[in-house]
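One structure below.
The values are calculated or read from the model by the stated rules, or taken from the named source; none is laboratory data. The shown structure was predicted, so the numbers you read here are calculated from the model rather than taken from an experiment. Glycine gets a Cβ as well: all are built from the backbone with ideal geometry, and neighbour counts include every protein chain shown.
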Amino acid sequence: MPVTGTGRTSRIIRWIDYRLPFVAMLEHELNEYPTPRNLNYWWNFGSLAGIILVIMIVSGVVLAMYYTPNAAMAFDSVERIMRDVNYGWLLRYIHMNGASMFFLIVYIHMFRGLYYGSYKYPRELLWMLGVIILLLMMATAFMGYVLPWGQMSFWGATVITNLFSAIPVFGQKIVTLLWGGFTVGNPTLNRFFSLHYLLPFVIVAVIGLHLVALHTHGSNNPLGIDHKGPQDSIPFHPYYTIKDMFGLMVFLIVFAIFIFYLPNFLGDPQNYIPANPLQTPPDIVPEWYFLPFYAILRSMTFNVLGIPSKLIGVMLMFSSILVLFLLPWLDTSRVRSARFRPIYKWVFWLLVIDVLVLGYCGAHPPAGTIVIVGQLATFYYFLHFLILFPLIGKIERPRPLPTSIGAAVLGPSGAAGGN
């Protein structure tokens, strides 16, 4: 591997690299790494997710220096960060809105994977690691939402942790373990603070495995076909680093608008009221990125075969995420990309609409039409993955695939020339 620099610096780098080939690894993985030449801007969201995770960790570590994980002082410590700590308001708004941006980016990243079939062979484990990352993000975000110890923090923790009590035999023991006692209080806050600080580093470790799996078989691409030679790929740097930088600039503009002009747009005003165990908020609503799963949880309003509706709702909520692990085997089509799957392309957009409808239902009180719409949307969610996915793969007649990425991008003459 060529080492840039001259003199003493170059010798030091060569000495280190011979014993610990870190520079060689970076050169191969970031510079020489062959990438499909037809990736579009939907592939920016993977790198954006990594960047926002770093922003969240750095801002979270600094905020932890001033936060007090005590039920009697947590709310006041957050107010002190906002009012007295130099640029504390900025750090908190970055961290608070960064969570929403992180979920938005990851959701887009996952829907892109669904559209282009990035979960198919040989990338099954890559997809499953992504779902694990999503689960870890949800746990981290939920625990972080409890830390300000406002009204919505307290009652959100009470409602969500109580869901585990629906599990037979072990449910109440799990709730007691989470609470650290027999009610949500100071031990709960300490547990959640410790885990909220720890889990982001676990996410980093799983992302490391995610990247190893990605670089083992390479990135998928909009055509969903494997690259077959030099004419199908280009080096990651500088072609896609420039593309990622452009996407990052656009993202930072949107992020800055929320931080400086709409810092509380995605939050709940109830969380600016100190936690009061004796006063329940009118509506207990989770953050927007949990709303579809919250709607699925509330969709069951009746018992089935003697099984309580609460337990069925909890099972459906967790199943809505666990079913994602099975996608590589539920999808029976041999074609990856929806570009060549005329039926699946339209059914995919039905899923997007369905998730948005679930989010809408989760944001409103479960009464009247909202309950019926939520139940129908929940039914379609599982119908989509468990019935339509296998069925469409059997009955659909995909369009012909291009012979290679190079032929599709450059045309027959350009591909033949070897570029």
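Here are a few things to note about the model shown:
- Here residue 176 clears all of (1) polar (S, T, N, Q); (2) surrounded by 15 or more Cβ atoms within 10 Å (Cβ to Cβ); (3) part of a loop (DSSP other than H, G, I, E, B) except the condition numbered (3).
- Filtered by the rule that a residue be part of a helix (DSSP H, G or I) and either more than 23 Å from residue 137 (Cβ to Cβ) or not aromatic (Phe, Trp, Tyr) (or both), segment 180-192 gives 186, 187, 188, 189, 190, 191.
- Test for residue 291: is it surrounded by 19 or more Cβ atoms within 10 Å (Cβ to Cβ), modelled with pLDDT of 95 or more and among the aliphatic types (A, V, I, L, M): yes
- Single unsatisfied condition, residue 198 versus (1) at pLDDT below 95; (2) among the aliphatic types (A, V, I, L, M); (3) surrounded by fewer than 15 Cβ atoms within 10 Å (Cβ to Cβ): (1)
- First in segment 270-283 and surrounded by 15 or more Cβ atoms within 10 Å (Cβ to Cβ), second anywhere and in a loop (DSSP other than H, G, I, E, B), Cβ under 6 Å, 6 or more apart: 270/281; 271/148; 275/149
- Number of positions in segment 256-299 that are part of a helix (DSSP H, G or I) and aliphatic (A, V, I, L, M): 7
- When residues in segment 147-168 are screened for being under 16 Å from residue 308 (Cβ atoms) and among the polar types (S, T, N, Q), 2 of them pass.
- In segment 366-402, the residue that is surrounded by the fewest Cβ atoms within 10 Å (Cβ to Cβ) out of those that are in contact with a helix residue (DSSP H, G or I) (Cβ under 9 Å, 6 or more places away or on another chain) and basic (Lys, Arg) is 397.
- Members of segment 300-350 that are of a type in the set (Phe, Trp, Tyr) and over 22 Å from the mean Cα position of the chain (by Cα): 302, 340, 344, 346
- Any hit, segment 80-89, residues being among the hydroxyl-bearing types (Ser, Thr, Tyr) and over 27 Å from residue 128 (Cα atoms): yes
- For segment 313-352, filtering for residues that are assigned to a helix (DSSP H, G or I), hydroxyl-bearing (Ser, Thr, Tyr) and more than 30 Å from residue 284 (Cα to Cα) leaves 1.
- Hey, residue 103 of a type in the set (Phe, Trp, Tyr), in contact (Cβ under 8 Å) with a residue 12 or more places away in the chain, touching a Phe, Trp or Tyr at 6+ places or on another chain (Cβ under 7 Å) and over 26 Å from residue 325 (Cα atoms) or not: no
- The one condition in (1) in contact with a Gly (Cβ under 7 Å, 6 or more places away or on another chain); (2) at pLDDT 95 or above that residue 383 fails to fulfil: (1)
- Single unsatisfied condition, residue 128 versus (1) crowded, with 21+ Cβ neighbours inside 10 Å; (2) closer than 14 Å to residue 322 by Cβ: (1)
- Residue 155 in contact (Cβ under 8 Å) with a residue 24 or more places away in the chain, crowded, with 16+ Cβ neighbours inside 10 Å and among the aromatic types (Phe, Trp, Tyr): yes
- Test result for residue 160, farther than 13 Å from residue 328 by Cα, among the hydrophobic types (A, V, I, L, M, F, W, C) and free of Cβ contacts under 8 Å to residues at least 40 places away in the same chain: no
- Residue 355 vs. criteria of a type outside the set (Gly, Ala, Ser), assigned to a helix (DSSP H, G or I), modelled with pLDDT under 95 and surrounded by 15 or more Cβ atoms within 10 Å (Cβ to Cβ): no
- Test result for residue 253, under 30 Å from residue 403 (Cβ atoms), assigned to a helix (DSSP H, G or I) and either in contact with a strand residue (DSSP E or B) (Cβ under 6 Å, 6 or more places away or on another chain) or without any contact (Cβ under 8 Å) to a residue 60 or more places away in the chain (or both): no
- Segment 231-254, residues that are closer than 12 Å to residue 33 by Cα and not aliphatic (A, V, I, L, M): 233, 235, 236, 237, 238, 239, 240, 241
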